[in-house]
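Report on the structure given below.
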């Protein structure tokens, strides 16, 4: 019996040294393509650890950015997520659907529709705001706002659509989805237009500086992933920036005084009508009879 007990204890010790099933079977979700400042990742059964440039990301990873920090990630070769400072998000996935759950802060999400397979979707959750994303550039933010009638402070999600369109709804009202088009925002179940003066604050803090230099021994697959992320981000008018640049995306061109319609259509005033062109009447040459009377009068 003593030998059996010792053998069982030894086996338990060996099992404890093996990777946990959750981590061993972790599904890769993406790769870090840009990182500035202090960013951590929390994985299943593991304590938070620093996230580094070109690190892999896995399903159920929680990413947190510190002060004056930013991270950009390529997810599944089809989406680029830029994480603002002091932000926290979790990446989850089920067959056919990936979910980006923003718990705090702000992110920009660029999704390439032509990279998505039929039936695939990306769901964005920002507190009480939920949206399905396909071929869209969206900025999402979670902020705290006082509830009505002096209630407790709770998080509120805002979604700004820069290009494309989304179907958004409140988390507790999944049957009341509304269409949100380019240059519109979704907050509290309401859809309103984005005013020209709002664009700079929306995009603030989502541009990156120079990419960190890589260390030797990087896998070629990661290198290809980084290049793909840069190309994908720059294929949209939005949050992409090339290595070595610090370009803030320009706001859309808006005609002064012209209201914005859904779909980024503008009502342009008609140009003033040009005054009619007038000219002096052309006198016909004198006839033979008129010349005869003129000569007789002389």
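So here's what we get for this one:
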| item | result |
| --- | --- |
| Residue 91 vs. criteria farther than 20 Å from residue 205 by Cβ and either in contact with a helix residue (DSSP H, G or I) (Cβ under 9 Å, 6 or more places away or on another chain) or surrounded by 21 or more Cβ atoms within 10 Å (Cβ to Cβ) (or both) | yes |
| Matching residues in region 69-88 - criterion: being at pLDDT 95 or above and either surrounded by fewer than 21 Cβ atoms within 10 Å (Cβ to Cβ) or more than 16 Å from residue 29 (Cα to Cα) (or both) | 69, 70, 84, 85, 86, 87, 88 |
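Let's see how each residue does on (1) assigned to a strand (DSSP E or B); (2) modelled with pLDDT of 95 or more; (3) surrounded by fewer than 14 Cβ atoms within 10 Å (Cβ to Cβ):
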{"site": "118", "(1), (2), (3)": "no, no, yes"}
{"site": "124", "(1), (2), (3)": "yes, yes, no"}
{"site": "132", "(1), (2), (3)": "yes, no, no"}
{"site": "141", "(1), (2), (3)": "yes, yes, no"}
{"site": "175", "(1), (2), (3)": "no, no, yes"}
{"site": "186", "(1), (2), (3)": "yes, yes, no"}
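The values are calculated or read from the model by the stated rules, or taken from the named source; none is laboratory data. Since the structure is predicted, the reported quantities are computational estimates derived from the model, not experimental observations. Reconstructed Cβ throughout: ideal geometry from the backbone, glycine too, with neighbour counts over all protein chains shown.
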